[in-house]
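Student: Sharing a structure here in structure tokens format.
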Amino acid sequence: MNIAFIGGDFRMEHACDYLIKKGYHAELLNYDAYPDATVREYLKLTNSADVIVLPAPVSTDNIHINKTSRSSDGITINELFRNTKDNIIVFHGRLNDVSKKSTVKYIDYLNDEAYLTDSAYLTAEGTVGQLLSNYKRALYKRKVLLVGWGRIAKFLYTQLSYYTDKISVVLRNEKIISELACINIVAKNFECLAELAIESEIIINTVPAPVFVNTILEQLNKQTYIIDLASLPGGIDFAYAKKLGLETHHLLALPGKCAPASAGTALGKCIYTHLCNITDTERNDLT
């Protein structure tokens, strides 16, 4: 079984290495590893592949595959699928449905719970690392506001609680707010976002929606340190925040930057598990 990793960051290299150690024939082409790779080389690799692994997100413009060139050009999704065999398996992160080929089996690893949990932990750890490296004050007893209560926020709460017990959470689910109150976690609904944000020294947003409207940003202390972990476009108007003199950091793809080996291993394990679970019929189609 031939596996082709196309595009993406350093995670892909480690995922590729993981599968090689598991006995698969796996190869990687992306700009970081092979900056001079040509479109012809990409297509040659995909043409012989039984399994293709694409990055997350696959594309930022819904045309070109991320990190297949220095610029925004590179190999296109349509080029890739025009040069693949039928009945292959494609692992991806948020591939646009319009780009999908009907004869291909698609697996979105961003729907895999184990992989998402590993990624969330690494994102939380990377966020704390960013604070320890770049925040100009000690984290001890800082007033922190977490916006959202998904996987990343939960890990963040646990990791930050080693440094401060002044952590508040804003979320929408009233039932969860009540449950958190029972274990002494300060949690309120979004009606209290402005009030809590004004009081906080560090704000970390995990909600992929424009939750920090300009009227809230205008009320924040200029010393407030703001981190946004939400996928593009994020939950903050960064241009307006900069105009106000606020320090903001949009930290995207943290696992690939702060712990690429661990993140790549997590992706490799995810792919390996799925390949081990494919049916005999699917396995025969790949040989």
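The values are calculated or read from the model by the stated rules, or taken from the named source; none is laboratory data. Only a predicted model underlies this, so the values are computations on that prediction, with no experimental measurement involved. Using ideal geometry, Cβ is built from the backbone for each residue, glycine included, and neighbour counts are taken over all protein chains shown. Heavy atoms of the whole protein, side chains included, go into the accessibility calculation; ligands, DNA and RNA do not. Shrake-Rupley method; radii C 1.70, N 1.55, O 1.52, S 1.80 Å.
Student: Going through the cross-link list K143/K188; K143/K243; K222/K242; K222/K257, which pairs have a Cα-Cα distance over 18 Å in this structure? Don't skip to the answer; put the middle values down first.
Tutor: Numbers: K143/K188 15 Å; K143/K243 24 Å; K222/K242 10 Å; K222/K257 28 Å.
Going by Cα-Cα distance, K143/K243; K222/K257 fall outside the 18 Å limit.
Student: If you don't mind, there's one more thing I want to ask. Please build a GNM for the chain, connecting alpha carbons under 10 Å apart, and tell me which residue among V58, V207, V39 fluctuates the most.
Tutor: Answer for the Gaussian network model of the chain: V39.
Student: At 0.36 nm per residue, minus the direct Cα-Cα distance, what do N96 and E27 gain on full extension? Give it in nm, one decimal, please.
Tutor: Numbers: separation 69, 0.36 × 69 = 24.84 nm, distance 2.41 nm.
Gain in length upon complete extension: 22.4 nm.
Student: What list of ³J(HN,Hα) couplings, whole Hz, do you get for segment 93-102 from phi and the Karplus terms 6.51, -1.76, 1.60, once you set θ to phi - 60° and write x for glycine and proline?
Tutor: Calculated HN-Hα couplings, in order: x, 6, 7, 4, 4, 4, 8, 6, 9, 5 Hz.
Student: Please sort 24-32, 267-275 by packing, taking for each peptide the average over its residues of neighbouring beta carbons within 10 angstrom, highest first.
Tutor: Values: 24-32: 18.9, 267-275: 21.1.
Averaged packing, sorted descending, gives the order 267-275, 24-32.
Student: Among (i) 20.7, 66; (ii) 21.2, 62; (iii) 22.7, 75, which one is Rg and Dmax of the Cα atoms in Å computed from these coordinates?
Tutor: Step by step, Rg and Dmax of the Cα atoms in Å for this structure corresponds to label (ii).
Student: I need the phi-derived Karplus couplings for segment 13-29: 6.51 cos²θ - 1.76 cosθ + 1.60, θ = phi - 60°, integer Hz, Gly and Pro marked x.
Tutor: 4, 6, 5, 4, 4, 4, 6, 4, 5, 7, x, 8, 8, 10, 9, 10, 9
Student: May I ask you to derive the FRET efficiency for Y240 and Y34 from their Cβ-Cβ distance with R0 = 35 Å, giving the value to the nearest 0.05? Working shown, then result.
Tutor: On the way: r = 40 Å, r/R0 = 1.13.
So, using R0 = 35 Å, E works out to roughly 0.30.
Student: Please give the contour-minus-distance gain from I176 to T60: 0.36 nm per residue of separation, less the Cα-Cα distance, rounded to one decimal in nm. The partial results should precede the final answer.
Tutor: Details: separation 116, 0.36 × 116 = 41.76 nm, distance 3.37 nm.
Result for the pair: 38.4 nm of gain on full extension.
Student: Nearest 5 percent is fine: what portion of the DSSP beta bridges confined to the chain is antiparallel?
Tutor: The answer is about 5 percent antiparallel.
Student: Could I ask something else about it? Excluding residues on the same chain fewer than 8 positions from K105, give the aspartates and glutamates whose Cα lies under 18 Å from its Cα.
Tutor: Counting by Cα, and skipping residues close in sequence, K105 has these aspartates and glutamates nearby: D50, E79, D86, D97, D280, E282, D285.
Student: Let me ask something else about it. Roll a 1.4 Å probe over the protein chains and send me the accessible area per residue for the chain in Å². Display every interim value, and only then the final one.
Tutor: Numbers: 14360 Å² over 287 residues.
I get 50 Å² per residue for this part.
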